[in-house]
Structure formats: C-alpha cells, structure tokens
Amino acid sequence: MTGGKQEIALVTPVAAEVQQEALAFVADGREAKAVKCLRKATDLGLPEARAALQLLRSGKALPVGYPQALENLEALDPELMSELGSLLAEGDSVKAVKVLRERMDLSLTSGYRLVKHLEDREAD
C-alpha cells in the first residue's frame, strides 16, 4: 500500500484544539487559513493538509496522538504493522522507519515518530 494523502492524514496526529480551530476557519469561509493552521501544527504538506481538512469536514476526526495514529495505521495496513513489529523485534528500527516511509510516503520526521511510538508500545 502506498500512502495516499488521506492515509497520511489519518496517521498524523493533530491536537484536538487544532482540529477545532481548522473547522472554525472553515465555518468562517476561510478554508486556506484552515489548511495553513493544519500545516503549521503538523508535518503535513499542502496536499495532505487539504486531505486532512476534507476528512474533518466530512465528520472524521484525525488522530490526536500517536496511539490513535498507530491504531489507524493498523486498520489501514495490518501487514505493514506486522512487518514493522518484526523489524523492531529484530532491533532494526532504522529499517522499520525506511519501510514505513516507503510504503506510506511519509516524511522522515513522521516516519521516525510513528516507529518510535510503536517501539515504545511494543516494549510495554
């Protein structure tokens, strides 16, 4: 699975207050400001921030933290999550980040953060 813009938005945490702020901008007819708000608060690029805003407008909440982002990733691509878990069990977090980035088309920062939180979750 290659990460589409909506999939990237679904695995990128966005604080609840930022989501509400973006929706308030939309309600005021300021969609560009809403997209800017999402981009400023996250690692989302312009197309992904637009996709995130579309998800919010359709009533879908974005993850507010990494636990939810990982749950979304599990639902989107369980095989990828299994592969990441195997790589982490082998102690290869660098390869896990690389695989995640390649499959989901994530930025380095987003890929690293997701893998780090997955690693922490697996350690518990």
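Of the set (1) under 18 Å from Glu48 (Cα atoms); (2) touching a helix residue (DSSP H, G or I) at 6+ places or on another chain (Cβ under 8 Å), all apply to Glu119 but (1).
Quick check, is Glu74 under 12 Å from Leu114 (Cβ atoms), open to solvent by 30 Å² or more (accessible area, probe 1.4 Å) and of a type in the set (Asp, Glu)? Spelling it out, Glu74 is indeed under 12 Å from Leu114 (Cβ atoms), open to solvent by 30 Å² or more (accessible area, probe 1.4 Å) and of a type in the set (Asp, Glu). Within segment 60-118, the residues that satisfy the criterion of being β-branched (Val, Ile, Thr) and at pLDDT 95 or above are Val64, Val94, Val97, Val99, Val115.
Could you tell me which residue of segment 12-21 is most open to solvent (accessible area, probe 1.4 Å), considering only residues that are of a type in the set (A, V, I, L, M) and assigned to a helix (DSSP H, G or I)? Top of the filtered list is Ala16.
Let's see how each residue does on (1) touching a Ser or Thr at 6+ places or on another chain (Cβ under 6 Å); (2) β-branched (Val, Ile, Thr):
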{"position": "Ala15", "(1), (2)": "no, no"}
{"position": "Val18", "(1), (2)": "no, yes"}
{"position": "Leu23", "(1), (2)": "no, no"}
{"position": "Cys37", "(1), (2)": "no, no"}
{"position": "Asp43", "(1), (2)": "yes, no"}
{"position": "Leu80", "(1), (2)": "no, no"}
{"position": "Ala89", "(1), (2)": "no, no"}
{"position": "Met104", "(1), (2)": "no, no"}
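Residues of segment 27-44 that are assigned to a loop (DSSP other than H, G, I, E, B) and touching a residue at least 12 places away in the same chain (Cβ under 8 Å): Thr42, Asp43, Leu44.
If we scan segment 89-112, do we find a residue that is closer than 30 Å to Ala123 by Cα, open to solvent by 70 Å² or more (accessible area, probe 1.4 Å), touching a residue at least 60 places away in the same chain (Cβ under 8 Å) and out of contact with any Lys or Arg (no Cβ under 7 Å at 6 or more places or on another chain)?
Initial filter on segment 89-112 (closer than 30 Å to Ala123 by Cα): 89-112.
Next cut, open to solvent by 70 Å² or more (accessible area, probe 1.4 Å) only: 89-90, 94-95, 98, 101-102, 105, 108, 112.
Within this subset, residues satisfying the condition of being touching a residue at least 60 places away in the same chain (Cβ under 8 Å) are 105.
Adding the requirement that they be out of contact with any Lys or Arg (no Cβ under 7 Å at 6 or more places or on another chain) leaves 105.
Yes - at least one qualifying residue is present in segment 89-112.
Does Ala61 fit the bill of being touching a Pro at 6+ places or on another chain (Cβ under 9 Å) and either open to solvent by less than 80 Å² (accessible area, probe 1.4 Å) or in a helix (DSSP H, G or I) (or both)? Can you show your working first?
Details: touching a Pro at 6+ places or on another chain (Cβ under 9 Å): no; either open to solvent by less than 80 Å² (accessible area, probe 1.4 Å) or in a helix (DSSP H, G or I) (or both): yes.
Judged against the criteria, Ala61 is not a match.
When restricted to residues that are more than 16 Å from the chain's Cα centre (by Cα) and of a type in the set (Asp, Glu), segment 90-118 contains 2.
Picking from Ala24, Ala69, Ala51, Ala9, which residue would you name as being without any contact (Cβ under 8 Å) to a residue 40 or more places away in the chain and part of a helix (DSSP H, G or I)? Steps first, answer last, please.
Numbers: Ala69 fails: without any contact (Cβ under 8 Å) to a residue 40 or more places away in the chain; Ala51 fails: without any contact (Cβ under 8 Å) to a residue 40 or more places away in the chain; Ala9 fails: without any contact (Cβ under 8 Å) to a residue 40 or more places away in the chain.
Ala24 is the lone residue from the list that is without any contact (Cβ under 8 Å) to a residue 40 or more places away in the chain and part of a helix (DSSP H, G or I).
The values are calculated or read from the model by the stated rules, or taken from the named source; none is laboratory data. In this text, all values refer to a predicted model and were calculated from it rather than measured experimentally. Every residue, glycine among them, receives a Cβ derived from its backbone with ideal geometry; neighbour counts consider all protein chains shown. Just the protein is used for accessible areas: all its heavy atoms, side chains included, with ligands, DNA and RNA removed. Shrake-Rupley method; radii C 1.70, N 1.55, O 1.52, S 1.80 Å.
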